[in-house]
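Take a look at the structure below.
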């Protein structure tokens with residue numbers, strides 16, 4: 001997912017593991033490691049809402 005400043009709402013709804021700065025941002029905001037983030041995305045997809053729910057249950 002490219003970083004388009006006009007689509008910031010969309011950028012925050014999806015988790016991109018392709019860009020290191022986005023991975024860093026998500027791990028910091030969710031309080032998880034990169035491995036935990038990747039496992040959550042693999043389990044439930046790239047929806048930020050679903051990843052949050054998944055991580056809450058863990």
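Since every read-out is calculated from the coordinates, none of them should be taken as a lab result. Quick caveat: nothing in here was measured; it's all calculated off a predicted structure. Cβ sites come from the backbone with ideal geometry, for glycine too, and all protein chains shown count toward neighbours.
For 29, 47, what's the fewest-to-most ordering of other Cβ within 10 Å of each Cβ?
29, 47
Taking neighbour Cβ counts within 10 Å as the exposure measure, how do 37, 17 sort from fewest upward? If you can, show how the numbers build up before the last one.
Working: 37 19, 17 15.
Listing 37, 17 from fewest to most nearby Cβ atoms yields 17, 37.
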